[in-house]
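Working notes, structure below.
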Amino acid sequence: MLEVVDLTVAYGPVVALHGVSLTVQDASITAVLGANGAGKTTLVRTISGLVRPRAGSVRLDGRELIRLPPEEIARLGIAHVPQGQGVLAELTVDENLRLGGLWRRDRKAQRGALDETYELFPPLAGRRHLTAFSLSGGERQMLSVGRALVARPRLLLLDEPSLGLARRALVQIMGRIKALVTERGLTVLLIEQNAKSALSVADDAIVLHLGNVVAHGPAQKLADEEGLRHAYLGF
Amino acid sequence: MSRFFVLSLNGLTQGAIYAAMALALVMIWRATQVINFAQGAMAMFTTYLALFAIDHGVPYWLAFLVALSSGLILGAIVERVIVRPVESAPPLNVVILTLGLLLFLEALAPMLFGGQIRSFPPAFSIVGLHFGNSQVAFSPFDAFTLGSVLAVMVLLLVLFQKTDLGLRMRAAAFNPDVSRLLGIRVGRMLTLGWSLASLVGALAGVLIAPSLLLYPTFMDQVLVFGFTGAVLGGLDSAVGAVVGGLLMGFALSYVGGYLGSDLETVGALVILIAVLMVRPRGLFSRHRLRQA
Ligand SMILES: Nc1ncnc2c1ncn2[C@@H]1O[C@H](COP(=O)(O)OP(=O)(O)OP(=O)(O)O)[C@@H](O)[C@H]1O
Ligand SMILES: [Mg+2]
């Protein structure tokens, strides 16, 4: 279980999160919704250790993550697919994918995870030995998500995975992730611009507005609240 | 034997050493986007340590290992103590610190090892090989120089291209933040990168010391030649560094042979300026067609 308690994050004078709290249950998908600049990216960057909060706590199964460096947080099984820019463009597709699972040092499992990923994303399989530099935007996004899955994480932080992806590819990715949630108990925090599609795959959701949580609860319930939809979700 | 041939052989051997120096600079440039101006001084220092060992009766090969291993350690210390604390500062701060380190080491060396010019023994004879009745301007030590630089380059190539550790090191150099998210201990990778670069520099030091003689500033010109080779090769390309270093070796050997050896440094400067004017990104730098 991931617990975020009273998290306050500021970039100099700009306060991006004002005492945000949320709980993500194991083996579930929680959507994080909100307009541009609401603080969604800040939230996941703080969870994965890239940003130091001013106050508050982030706990994974009771273990405090604040003050741990990002590499150690990743080694606890938290994979973060950053918004855009996540691939190492100078390295090949294969090298990018291998990097996802290197910290596990389990070569056999790694090989298997790599094959699975190529099966899931055929466009990547054909470009295995090309640099990620040569990939299209959507292919890069596949690579970024695929690399996170190679790590076989227990918690997956997805920051707008739909960016640049065709609908078909997105449906495929989300299908795979759903399967991992039910089969392997994967826990997911999903940031999405498209609230409607996010709410359709998520179990729970929170809505951020200017760094505050303005709504949270089961995804279906949020989707049914007309006032909320109009005010914050735009559908 | 023709003069041109003799100069070419000499250029090849010298070039191998400049290539090692250039490679050391490029490794650090790629890992931390810093030109380590102390690279030469660090190599001078490790060469002195080897000579110190020899003075105390240590056999040559052991002293050779002393130079290389103290290079590894010195590189790690420099990264941890000097570079790490200013990691997030603008690169210029680090560059200024490496210049400070250069001055420090060149001041420290005469205090520890004495200021007089010393000779440094070669591993093998420096007398040209004989083929039948004719002698060529290529000695066993020249062969050793070429061979050991080549060996180190092949080992580095295998490390970086074929091993998981090398993959981690490259990732950490390209994008530290994303690498951290992948569980790579970036700090360790940078330390290791400085260590290995410093090892390559240390190798250049012991290889060139027999022909230059050893004194606290003896590596300064080697650094300049290596730096020019690195810029010629594009600064971010390991292959470029090697080719650039070799080209420098040939060019300076011809300049020295045909125009006079006191013109070598001027020659390097001319090459540096020419590269910066004609092709500032060097011969081998990766040209980015698309933005990442
Ligand atoms: N590195 C930074 N330095 C200063 N301010 C920042 C930085 N990153 C984000 N901010 C500010 O923090 C606030 C929240 O940004 P954040 O990136 O978390 O929003 P977001 O919800 O992810 O937006 P988007 O949907 O556009 O990705 C914004 O006001 C933004 O301007
Ligand atoms: Mg964002």
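The values are calculated or read from the model by the stated rules, or taken from the named source; none is laboratory data. Please read these numbers as outputs of a predicted model, since none were measured by experiment. Neighbour counts run over all protein chains shown; Cβ positions are idealised from the backbone, glycine included. Ligands, DNA and RNA are excluded from the accessible area calculation, which covers all protein heavy atoms including side chains. Shrake-Rupley method; radii C 1.70, N 1.55, O 1.52, S 1.80 Å.
Annotations
- Entirely in region B:1-80, the helices (runs of 4 or more DSSP H) that have 2 or more residues that are among the charged types (D, E, K, R): B:3-32
- Test for A:Leu97: is it within 13 Å of chain B (Cβ to nearest Cβ) and buried (at least 20 other Cβ atoms within 10 Å of the Cβ): yes
- Flag for A:Gly164 being on the phi > 0 side of the Ramachandran plot and open to solvent by less than 10 Å² (accessible area, probe 1.4 Å): no
Residue-wise test of (1) under 17 Å from the mean Cα position of the chain (by Cα); (2) within 22 Å of B:Asp177 (Cα to Cα).
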position: A:Pro13; (1), (2): no, no
position: A:Leu22; (1), (2): yes, no
position: A:Thr30; (1), (2): yes, no
position: A:Val51; (1), (2): yes, yes
position: A:Leu68; (1), (2): no, yes
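- Here A:Ser21 meets the list (1) polar (S, T, N, Q); (2) touching a Pro at 6+ places or on another chain (Cβ under 7 Å); (3) more than 16 Å from ligand 2 (Cβ to nearest atom) almost entirely, failing just condition (2).
- Among the residues listed as A:Gly49, A:Gly34, the single one being out of contact with any Ser or Thr (no Cβ under 8 Å at 6 or more places or on another chain) and surrounded by fewer than 24 Cβ atoms within 10 Å (Cβ to Cβ): A:Gly49
- Residue, nearest to B:Leu7 (Cα to Cα), within region B:217-263, restricted to residues that are open to solvent by 20 Å² or more (accessible area, probe 1.4 Å) and touching an Asp or Glu at 6+ places or on another chain (Cβ under 7 Å): B:Val255
- Taking the listed residues A:Leu60, A:Leu17, the one that is more than 16 Å from ligand 1 (Cβ to nearest atom), more than 13 Å from the chain's Cα centre (by Cα) and on the phi < 0 side of the Ramachandran plot is A:Leu60, with no other qualifying.
One line per residue, one yes/no per condition, for (1) closer than 22 Å to A:Gly175 by Cα; (2) among the polar types (S, T, N, Q); (3) open to solvent by less than 40 Å² (accessible area, probe 1.4 Å):
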{"position": "A:Gly56", "(1), (2), (3)": "no, no, yes"}
{"position": "A:Glu64", "(1), (2), (3)": "no, no, no"}
{"position": "A:Ala74", "(1), (2), (3)": "no, no, yes"}
{"position": "A:Gly86", "(1), (2), (3)": "yes, no, yes"}
{"position": "A:Glu90", "(1), (2), (3)": "no, no, no"}
{"position": "A:Glu116", "(1), (2), (3)": "yes, no, no"}
{"position": "A:Leu120", "(1), (2), (3)": "yes, no, yes"}
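- Look at (1) modelled with pLDDT of 95 or more; (2) in contact with a Ser or Thr (Cβ under 7 Å, 6 or more places away or on another chain); (3) of a type in the set (A, V, I, L, M) and you find that B:Ala204 fails only one, number (2).
- Subset of region B:28-52 (residues that are open to solvent by less than 30 Å² (accessible area, probe 1.4 Å) and within 13 Å of B:Leu103 (Cβ to Cβ)): B:Ala38, B:Gly40, B:Ala41, B:Met42, B:Met44, B:Phe45
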